[in-house]
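Asker: Below: one structure in structure tokens.
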Amino acid sequence: MKIDVLTIFPEFFGQVFDFGIIRRAKLAGIVEINVHDIREFAADKHRMTDDRPFGGGDGMVMKPEPIFAAVEHLTGAAERAEYPAATRVVMLSPQGRPLSQQIVRELAEDAVQIVIICGRYEGVDERVNDALVTDEISIGDYVLSGGEPAAVVLTDAIVRLLPEALGSETSAENDSFSNGLLDCPHYTRPAEFRGMKVPEVLLSGDHAEIEKWRREMAMQKTKKVRPDLLEGENG
Ligand code: 9D3
């Protein structure tokens, strides 16, 4: 898979994709991640990426031309209708569909190339959404200063699902949300720490009882903090 991030703050990403599973996936050739400065695609002499909103109002709007030029350069197609098969262009914005593990799974399974556009200012010229974007996504109901942190979240969630990215040490099938429940608590040595004891059942060696306990704890935790997960199809 190829992931291309479009941003006016390329330095923001620094070494953020150079650790853990993402680093390993890159080294194994499972994913290629490139960050591009939208300014590099601005044709005017001041390399302007934003301008004042038609109709008035506060703040600035990201101009369409540099984003169209960047997406065309990266996908080889001028508009959504002409993208190569399995190309997705994601707009990260507060107006998007809330990100879920289902959306992450779909992108990880279907996409060969994902272009991620990080918005800034008050917004992006709507013609970008109309002609280029295949998926407009929000990462939740809180206000960020731009799409960059969301691009890190989305990239991380996708890459770890790519076949062979996780390796043998762990499995995406055991994740919270893939079974619709939050995870159970975990313990390691020492068996007693500052008077706090590890639950007896985990020391018992009775694997059937341990499984039962873990399922019960996961259910209790989910009921308490995420009852919405038990109320239907959410992941
Ligand atoms: C004035 C109205 N605001 C829209 C709700 C303006 C505005 C706030 C924040 C415009 C852009 C932003 C920057 N946020 C993102 O680009 C963003 C975001 C977010 O703020 N929350 C959750 N997910 C995302 S994905 C991109």
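What follows is calculated from the coordinates using simple rules that are stated; it is not laboratory data. Every value quoted in this text rests on a predicted model; they were computed, and no experiment measured them. Cβ: placed from backbone, ideal geometry, glycine included. Neighbour counts: every protein chain shown.
Asker: List the lysines whose alpha-carbon lies under 20 Å from that of Lys197, not counting same-chain residues fewer than 8 positions away?
Answerer: Hits, sequence-local ones excluded: Lys212, Lys221.
Asker: Tell me what the chain gives for mean residue ellipticity at 222 nm when only DSSP H runs of n ≥ 4 count, each as -39,500 (n - 2.57), the sum divided by the residue total, rounded to 500 deg cm²/dmol.
Answerer: That calculation yields -8500 deg cm²/dmol at 222 nm.
Asker: For the chain, how big is the tail of P(r) above 24 Å, as a whole percent of Cα pairs?
Answerer: That fraction is 55 percent.
Asker: For the chain, give the magnitude of the charge dipole about the Cα centre (Cβ charges: +1 Lys/Arg, -1 Asp/Glu; no others), in debye to the nearest 20.
Answerer: 720 debye
Asker: Rank Leu203, Pro185, Gly76 by how far each Cα sits towards the positive end of the charge dipole of the chain (+1 on Lys, Arg Cβ; -1 on Asp, Glu Cβ) and give me just the farthest.
Answerer: Looking along the dipole axis, the top candidate is Leu203.
Asker: Taking amide H atoms as placed 1.01 Å from N in the peptide plane, list the residues 5 or more away in sequence, or in a different chain, whose amide H sits under 5 Å from that of Val124.
Answerer: Answer set, sorted by chain and number: Met62.
Asker: Test of understanding: in a Gaussian network model of the chain with alpha carbons linked when under 10 Å, which of Lys223, Lys26, Lys197 would top the mean-square fluctuation ranking?
Answerer: Checking each option, the largest mean-square fluctuation is seen for Lys197.
Asker: Report ³J(HN,Hα) in whole Hz for each residue of the stretch 33-44, in order, from the Karplus equation J = 6.51 cos²θ - 1.76 cosθ + 1.60 where θ = phi - 60°; Gly and Pro get x.
Answerer: 10, 10, 10, 10, 7, 4, 4, 5, 9, 7, 8, 6
Asker: If you don't mind, there's one more thing I want to ask. Please say if the stretch 20-92 is rounded, prolate or oblate, where rounded means a/c under 1.5 for a ≥ b ≥ c the square roots of the C-alpha gyration tensor eigenvalues, and otherwise the choice is prolate for a/b larger than b/c and oblate otherwise?
Answerer: Prolate, since a/c reaches 1.5 and a/b exceeds b/c.
Asker: Assign one of three labels to the stretch 62-178, namely rounded, prolate or oblate, based on the Cα gyration tensor with a ≥ b ≥ c the square roots of its eigenvalues; rounded applies when a/c is under 1.5, prolate when it is not and a/b is larger than b/c, and oblate otherwise.
Answerer: Oblate, because a/c is 1.5 or more while a/b does not exceed b/c.
Asker: Give the percent of DSSP beta bridges with both residues in the chain that are antiparallel, rounded to the nearest 5.
Answerer: If I count the DSSP bridges inside the chain, around 15 percent turn out antiparallel.
Asker: Write out the chymotrypsin sites (Phe, Trp or Tyr not before Pro) in the stretch 176-229 meeting two conditions: DSSP loop, and at most 14 other Cβ atoms within 10 Å of their Cβ.
Answerer: Taking the stretch 176-229 and a limit of 14 other Cβ atoms within 10 Å, the loop chymotrypsin sites (Phe, Trp or Tyr not before Pro) found are Tyr187.
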